[in-house]
Amino acid sequence: MAVNVKPLGDRVLVQPIEEKEVIKGGIIIPDTAKEKPQEGKVVALGTGKLDEKGNKVEFTVKVDDRVLISKYGGTEIKVDNVSYLILREDDILGILG
């Protein structure tokens with residue numbers, strides 16, 4: 001599925017991966033009590049960051065990587081009723097293998 005959002009600079013577009021609904025002891029946890037997902041899939045990369053000399057710095061992540069993201073990092077957007085996060089590559093904590 002193509003997304004019509006192109007991040008700029010060193011920003012990355014990530015689709016959060018929602019956890020399955022957790023039921024403990026027969027109690028359904030409502031959406032308002034669930035924590036934000038910390039895992040996501042990279043959907044698009046920005047144009048890249050420039051170093052002090054004006055050289056383009058390559059991204060460490062690539063499209064379709066599963067990544068661990070900062071819990072409160074990034075800006076949430078909705079495109080066609082699908083939630084995404086736009087965040088700097090520095091806000092990505094790691095790549096999940």
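The values are calculated or read from the model by the stated rules, or taken from the named source; none is laboratory data. This one's a predicted model, so the numbers in the text were calculated from it and none came from an experiment. Glycine also receives a Cβ, built like all others from the backbone with ideal geometry; neighbour counts cover every protein chain displayed.
Select, from Lys71, Lys49, the only residue that is of a type outside the set (Phe, Trp, Tyr), touching a strand residue (DSSP E or B) at 6+ places or on another chain (Cβ under 6 Å) and at pLDDT below 90. When all the criteria are applied, what remains is Lys49. Residue count for the stretch 71-87, restricted to those that are in contact (Cβ under 8 Å) with a residue 24 or more places away in the chain and more than 15 Å from Val43 (Cβ to Cβ): 2. Residues in the stretch 62-97 that are of a type outside the set (Asp, Glu) and assigned to a strand (DSSP E or B): 20 in all.
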